[in-house]
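The values are calculated or read from the model by the stated rules, or taken from the named source; none is laboratory data. Predicted model only: the values in this text are computed from it and were never measured. Cβ placement follows ideal geometry from the backbone for every residue including glycine, while neighbour counts extend to all protein chains displayed. Side chains are part of the model used for accessible areas, which takes the heavy atoms of the whole protein and leaves out ligands, DNA and RNA. Shrake-Rupley method; radii C 1.70, N 1.55, O 1.52, S 1.80 Å.
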Amino acid sequence: MKSKPSALSPQPSTLGAQPTAKAQYEKPPELYDGLRLHQNENTLGCSPRVMEALARLRPEQIGFYPPYTEVTKACASYLGVSPEAVALVNGLDEGIMAVAIAHLRVTGSQLAPEAIIPEPAFEIFRFDTAVAGGHVVPVMPKNDFQFAEAEVLAAITPQTRVVFLTNPNNPTGVPVPFAAIRNIARQVPKEAVVFVDEAYAEFAGRSFIPELPSLPNVIVGRTFSKAYGLAALRIGALVGAPEVLDPARYAMPVYSVNIAAAVALPAALGDTDYLQSYLREVAASKSLLYAACDRLGLTYWRSDANFVLVRIGDRIDEVINGARERGVYLRSRSNEPGCEGCLRITTGHVAHTQRGIDVIEEVLCGAP
Ligand SMILES: Cc1ncc(COP(=O)(O)O)c(C=O)c1O
């Protein structure tokens, strides 16, 4: 007689309902054996001061649940707000999920809450909206990727609960005008929030945070994964009026930021020379890439971030695969709205950007 399968017996195809295709997020493959120019990371990593702070960790600090007062103060002071206006998160990804859960889950028999997402966008907005049970309202891009303000305003309905904006945008690097953010924040329903993802704000040199006191329905999201090179430690922040942050705070585990991230962040923020030096590299890298694209006749969009979107055209797969064979990872964005034939390349450290340019040129021109 066959025994009943227990919940723990292997049953690969019967693990319950699969999430819908929309809700399914495919983790990027683990590619660590080459030059990673596909995830907008700081490819030389963090400040040496971060390594020193990590080395100073004592065993009992690992044994205790982490304290957050000092790191929250350091983060708030860096962002120019009071500590009550900051909610630390285990990477901005967690903050986005918390905002989605707080505002986009269906309660009772109401119509599905809507999230407006101007495309092309950071794909996590789409996935998190679907996971929370919300309805995605995409806004299609203009040809030049300039922010589609009128179209976003036209997409607002009584069911709108979140407008997800990224400034500068990922994957285009194009900025969102502050005037557009203000207009949107003034026109959404009173229950809604405008989420301004500033993952790349250090490279742009401007932030919407000083405007928050006059727009209490706006939440700014920040990460220390990019300019500060802390991606593996997972730390970011939601910034906003305490009342607008509370629902997202309740949607997050109490101790989601670990002690390594908590000691690393103040050390990273204290090393302004390290940040400035990376920002200079990013600026030089973008100039180098723009010049290469001009030489190769490739369309690109001037970026305020540490990456650039480049239109390769029909040969996009050949370039992505050819670069990978040469040990360089680039990200195809070809399936994103308006980005057909486009790749995104990190423009961080100049030597790494030069290597990226060389492989693109090699594949396209057949040079050795
Ligand atoms: C626009 C945007 N938001 C958020 C994130 C996630 O940041 P974190 O590493 O802090 O989770 C990224 C990472 O690529 C991003 O591009």
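Between residue 26 and residue 64, take the C-beta separation as r, use R0 = 41 Å, and let me know the FRET efficiency to the nearest 0.05. Efficiency at R0 = 41 Å is approximately 0.70. Amide H contacts under 5 Å for residue 230: 225, restricted to partners 5 or more places along the chain or on a different chain, H placed in the peptide plane at 1.01 Å from N. With both residues required to sit in the chain, DSSP beta bridges show an antiparallel share near 45%.
Inter-label distance, residue 318 to residue 302: 3.1 nm, where each label sits 7 Å from its Cα along the C-beta direction. When cysteine pairs in the chain are screened for C-beta atoms closer than 4.7 angstrom, the residues that find no partner are 46, 75, 293, 365.
A Förster radius of 22 Å combined with the Cβ-Cβ distance from residue 52 to residue 351 puts the calculated FRET efficiency at roughly 0.30. Between residue 137 and 115, 116, 117, the built amide H atoms are under 5 Å apart, and every one of these is 5 or more places off in sequence or on another chain. Taking every alpha-carbon pair under 8 Å whose residues sit at least 6 apart, the chain reaches a relative contact order of 22 percent.
When only the Cβ of Lys, Arg, Asp and Glu is charged (+1, +1, -1, -1), the dipole of the chain relative to its Cα centre reaches about 480 debye.
Anisotropy class assigned to segment 157-224 is prolate, per the alpha carbon gyration tensor with a/c at or over the 1.5 cut-off and a/b larger than b/c.
Placing one equal scatterer on every Cα of segment 99-252 and applying the Debye formula, the log10 ratio I(q)/I(0) at q = 0.11, 0.15, 0.17, 0.18 Å⁻¹ is -0.39, -0.75, -0.99, -1.12. Inter-label distance, residue 249 to residue 157: 3.3 nm, where each label sits 7 Å from its Cα along the C-beta direction.
Classification of segment 108-170 by its C-alpha gyration tensor yields an oblate form. The axis ratio a/c (a ≥ b ≥ c) is 1.5 or more, and b/c is at least a/b.
Pairs of lysine residues in the chain that meet both criteria, 8 or more places apart or on different chains and Cα atoms under 28 Å apart, total 9.
By the compact-protein rule of thumb, 2.2 N^0.38 Å, the alpha-carbon radius of gyration of segment 302-358 corresponds to a ratio of 1.08.
Averaged per residue, the chain has 47 square angstrom of accessible surface, using a 1.4 angstrom probe with ligands and nucleic acids left out. For the chain, the square roots a ≥ b ≥ c of the C-alpha gyration tensor eigenvalues yield an a/c under 1.5, which makes the shape rounded. Shape summary: segment 215-351 maps onto an equivalent ellipsoid whose semi-axes, from the alpha-carbon gyration tensor, are 34, 19, 15 Å in decreasing order. Here the chain exposes an accessible surface that is 55 percent carbon and sulfur, computed with a 1.4 Å probe and the other protein chains kept in place.
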